[in-house]
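Asker: My questions will all concern the structure given below.
The values are calculated or read from the model by the stated rules, or taken from the named source; none is laboratory data. The model shown is predicted, which means the values in this text are computed figures rather than measured ones. All Cβ positions, glycine included, derive from the backbone under ideal geometry; neighbour counts span all protein chains shown. These accessible areas exclude ligands, DNA and RNA; they are computed on the full protein's heavy atoms, side chains included. Shrake-Rupley method; radii C 1.70, N 1.55, O 1.52, S 1.80 Å.
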Amino acid sequence: MQTRSLFPLSLILLIFSFVGCSTSKDQLTLHIQNPGSVDRQNEMVEVAWKDIRQKLSLTENQAIVVTDSSGKQIPCQLIKNGSDEVETLLFPVSLAAGQTASFQISTGVAEPVQTMVYGRLVPERKDDFAWENNRTAFRVYGPALKATGEISNGMDFWAKRTDSLVIDKWYKNDLSGLASYHEDHGEGVDFYKVGRTLGLGMTAPVDNDTLCLGHNFVTAEILDNGPLRLTFKLTYDPYMAGGHEIRETRIISLDAYSYFNKVTNIFETDTTELTVATGIVMPEENPEANAATTTFGDNTGIIAYETPANEVNGTIYNAAINPNGFGIIKVSGGHYLGLNSYQPGSRYTYYVGGGWSKAGFNSFEDWTQFVKSEKEKIDQPLIIQIK
């Protein structure tokens, strides 16, 4: 078209097969510290599954529960990243700045987990891939739409103001003519404009100051299917950047409670170095003239943009965060761009998301302060000790 949280409950109940109650000898303790100056609310923690299995001497069919210091169960998810084996255990924690808290992992019966992330291919809407959490929603465009002549590999943003998961409802109502998702019926609205651009924070090669945009995705594969994290992989047909053929893969993850997707791009080509740009579309007549008041850039790794206000629907705020920084930040080609040198075949990882003036962000200043806090959280991850 990546803190203010989607897959079937039956899947989670299957993963966490019921076993007997936990005992003290079947328990390990995690001490988790927030080293930063920013409070963390429902931030996801990952623990290597092999360490948990070893510490608890788990058999293949044993399941686990996570509890806090009061004994309350914490929702959790086993992460596979598209493989056949569990790689990590994921669960949310809330810690004030500088705080350390203890959590226990033990064998036992897991309570049902509320699904807070969701995504799917939408063949009934020309192969969109749409995804959401309990804060926000997004989509990208697929092969059936390309066949109509509408080409775009940018990311679309759906402004939400409900914790509910709405993708299926919005598509069903829109396609049936009951209610258009381009109008706000109390839950949010799609009024972000993408077109033939990078949309909200996608990345493309640059050749002689020209963005080299790919086409719609060809395949979409879900790698992890909630309830706390959705991860999926998109592949694209080859396209040209200068005289070089580019083969692109994107891996996108969205956690419950987060406004930001984690995006990993892999570009393969026959050169040893590329310039790539992460960009936010600027749908204005003369974006350069307004950049001083509508953009915020920090070469340590932030680009943020305030879209033109919509009289009815309000204002969308966008941002991309690159933990490794941006070499150059500039307005060019109708985008606000962060550019870097890139080694083909390597993983280029960053975070991208948006907020809405009708869902908690009252001004661009509020949004940029929030983005700075998110950057600090990425730069200073939670410290985990296993006892």
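Asker: Before we move on, is P283 open to solvent by 50 Å² or more (accessible area, probe 1.4 Å), of a type outside the set (S, T, Y) and closer than 16 Å to L198 by Cα?
Answerer: yes
Asker: Okay, next question. Taking the condition at pLDDT 95 or above, hydrophobic (A, V, I, L, M, F, W, C) and either open to solvent by 10 Å² or more (accessible area, probe 1.4 Å) or under 30 Å from F91 (Cα atoms) (or both), does V276 pass?
Answerer: no
Asker: For the condition of a type outside the set (F, W, Y) and open to solvent by 30 Å² or more (accessible area, probe 1.4 Å), what is the one hit in K358, K377?
Answerer: Result of the check over K358, K377: K358.
Asker: Applying the selection to the range 152-164, what residues are buried (at least 22 other Cβ atoms within 10 Å of the Cβ) and in a loop (DSSP other than H, G, I, E, B)?
Answerer: Listed by number, the residues that qualify are S152, N153, G154.
Asker: Of all residues in the range 297-314, which are part of a strand (DSSP E or B) and buried (at least 21 other Cβ atoms within 10 Å of the Cβ)?
Answerer: If the condition is that a residue be part of a strand (DSSP E or B) and buried (at least 21 other Cβ atoms within 10 Å of the Cβ), then I302, I303, A304, Y305, E306 are the ones that fit.
Asker: While we're on this one: Could you say which residue among V47, V109, V66 is touching a Phe, Trp or Tyr at 6+ places or on another chain (Cβ under 6 Å) and either assigned to a strand (DSSP E or B) or at positive phi (or both)?
Answerer: Just one listed residue meets the conditions, V66.
Asker: Quick check: is even one residue across the range 261-283 among the acidic types (D, E) and either assigned to a strand (DSSP E or B) or within 21 Å of the chain's Cα centre (by Cα) (or both)?
Answerer: Within the range 261-283 (the criterion being among the acidic types (D, E) and either assigned to a strand (DSSP E or B) or within 21 Å of the chain's Cα centre (by Cα) (or both)), the answer is yes, since at least one residue qualifies.
Asker: Pull up the range 18-44, narrow it to residues that are open to solvent by 80 Å² or more (accessible area, probe 1.4 Å) and assigned to a strand (DSSP E or B), then point me to the one that is modelled with the highest pLDDT.
Answerer: Of everything passing the filter in the range 18-44, Q41 is modelled with the highest pLDDT.
Asker: Would you check which residues across the range 349-372 are over 27 Å from I266 (Cα atoms) and part of a helix (DSSP H, G or I) and list them?
Answerer: F364, E365, D366, W367, T368, Q369, F370
Asker: When you check G325 against the structure, is it under 20 Å from the mean Cα position of the chain (by Cα), more than 30 Å from I74 (Cα to Cα) and assigned to a loop (DSSP other than H, G, I, E, B), yes or no?
Answerer: yes
Condition check ((1) of a type in the set (S, T, N, Q); (2) assigned to a loop (DSSP other than H, G, I, E, B); (3) touching a Pro at 6+ places or on another chain (Cβ under 9 Å); (4) open to solvent by less than 10 Å² (accessible area, probe 1.4 Å)) across all residues:
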residue: P205; (1), (2), (3), (4): no, no, no, yes
residue: I222; (1), (2), (3), (4): no, no, no, no
residue: P227; (1), (2), (3), (4): no, yes, yes, yes
residue: K233; (1), (2), (3), (4): no, no, no, no
residue: I251; (1), (2), (3), (4): no, no, no, no
residue: L254; (1), (2), (3), (4): no, no, no, yes
residue: Y257; (1), (2), (3), (4): no, yes, yes, no
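Asker: Also, I was wondering about something else. Being in a strand (DSSP E or B) and surrounded by fewer than 20 Cβ atoms within 10 Å (Cβ to Cβ) is the filter here, so list the residues in the range 70-87 that pass it.
Answerer: Q73, I74, L78 - these are the residues of the range 70-87 that are in a strand (DSSP E or B) and surrounded by fewer than 20 Cβ atoms within 10 Å (Cβ to Cβ).
Asker: Going residue by residue through the range 107-117, is there one that turns out to be small (G, A, S) and open to solvent by less than 50 Å² (accessible area, probe 1.4 Å)?
Answerer: Yes, the range 107-117 contains at least one residue that is small (G, A, S) and open to solvent by less than 50 Å² (accessible area, probe 1.4 Å).
Asker: Taking S357, is it among the small types (G, A, S) and more than 30 Å from L95 (Cβ to Cβ)?
Answerer: no
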